[in-house]
Structures are given as structure tokens and as C-alpha cells.
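Q: Input: one structure, supplied below.
None of the figures in this text is laboratory data; all of them are computed from the coordinates on show. Quantities reported herein were computed from a predicted structural model and do not represent experimental measurements. Cβ coordinates were reconstructed from backbone atoms using ideal geometry, including for glycine residues, and neighbour counts include every protein chain displayed.
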């Protein structure tokens, strides 16, 4: 069995967890509050934590596991009720399925696995529910019955592992650009197009470019709820995880470098292109970007995951647990979409007709 950490209230013995609304640990039974600094001593145990102990139990009950069936499985015993908790090899924080006490798997944060930073949750489960309703209200093509008939199957507050990359970018990029001038006389309309070659060279520094370190979380979904505000980040303490789920990374820093490089180079190209103004068209002809001085840190960022069902389909949403930014795919009302397309086409046709009519009048 692997070692667990539970945070108990010294006043009543109840399990305490992190309360995002007050940014402190709080007992739900006697309402006693605790400063995070008061629990730092718990993390000293990380240095001596083993992921597995050596206890072997013998029993004739049940059948033997076949080869490979237990790969990645981790089994824990709840210190409060004695219930068995089964997780995978990346589970770092969860709750007991029997007594619901929040627990932290200490062995997942020993040695090189320990995060450098954590951004604590700022928004609670109620805010996640409200975020979903606001998200639905803004969608004009959403089937009306979806709002009435879909129900939330699951809401999970998860600390998602992220690799944070610092790097310096040196770039030289050549653009082809055009300017267009039009004029007319009583007989003809003229168009003159001028072509330009534009060169940009310079340096851009990047700090804490995030790359999702969990294979369970789609990269595009995690990037859609950015940015996270690193000003709220604090040095890692396991107490922040109490009451939430958490995974340790299963995509390591080396495996994340290509994604980080891609994001940094794309941002560099966007930054340089934004300096080329006053042209009708701008196209990059040649781009050379070199990266240097790379530094990597490990952090946990707060994310609310919501799953809803409707018409036998599952829909997944994610909300930034710090800022409230909400994303997720939704069904489309085909009739509304058709009417909207016809309306857009019809409006465009009317505008085109009026412009043509006025032109002939002139």
C-alpha cells in the first residue's frame, strides 16, 4: 500500500480542505480556518515518503491477476475509515469513495516529481456551474431544449500538471507586402498595386510558456482556457490539493519541448508581423527563428472539468479555475443554422444590390 496524507482539524478531528473563497484551509464541520503557512511542516515528510511499502498479504480469496492487469494500478487505504482507494499511477490527489475525505498521495511528489509552483483555485464548484450557464446563454445556434434537458453528470476540480518554459527567441523574417490604390475617371476605373520587400530582425524573451503535462487533457482544450495569471502562483504545498483531484505529469519535460518550441515560434512570428502595418496584404516569404537559454519549471494549474449529457451524447467543458474562462463544444440546432445562413446570405445579397444600384445611378 502507498502512503496517504490527510489533513485533520485539531479542534474536531474532521477532514479539512482548501477553500478557494478564503484562500485558506477550512474545516467544514466546525468552520475553523487555518493559514497555509501553518501546514508547511506536512511537506517535510516528502523527503521520507516511499511510493510503495513492503507489506505483503496472503489470502486464498479471489483469483490471481493476470500478467499486465495491474500495470499502472495504485492501491491506498484511507486513514479515516479504512476503505480501499484504487487510482492509476498518475493520481496525486483525490477523495475516499467511502467517507469522501480528501487525500493526497505523498509519494507522487517526492524527489524530481515535486512541483515548483501551484496556482490555487480561486473559483469554486458553484462558479463552475454558473460558468456553464453563461457559456450556454451566449450561443445563438444552441438547441433550446439542450439548456432544458441536459444535466451535469460530473464536476471535477483538477490540478493539471504544466511544464513552464522560459526561452529567448532571435528571429529574422522577410515579408512580401502590397499597397493598392484605386481611382477612376469618366471612362475607366484604375487599380495600381505596389509591391514591397520588408525585413524584420530582433529578439523576444518568453517566460513561463505553459505546456500541458498530462496525456489525459487535450492540449487544445487546455490552451483554450489560457492565460493563467502567474502572479497568483505560490511555492508548492500539498495542502492546496486537499479537496481536489490532481495528477502528476505523464508527459515529461523532454517530450514537451517540441510543443513549447512550436508555441514560442508562432508567438514570435505573430509579434513580428504585428509591426508591419499600413499594407493591404502581408505574407512571410522567409522565416528563421533561433531559440536559446531554455529553462523549464513544473507547476500545477487549477481547472474545473464538467461533463454533461444530452440525446445520448457526452459533452465536455473546461473552466479556468483562476480566471473563469470557459470553453467546450456544443450541439448546433440545424434549423437555426440554416435560417442564420439564409439570413446572412440574404442580407449580403441586399447590400450587393443596393451598391450596384447606386453605382449605376452615379
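Q: Separation between the residue 191 and residue 271 pseudo-spin-labels, each 7 Å from Cα along Cα→Cβ, expressed in nm?
A: 3.6
Q: Based on alpha-carbon centroids, what's the gap between the stretch 283-326 and the stretch 240-266 in Å, whole number please?
A: Each part reduced to its Cα centre gives a spacing of 10 Å.
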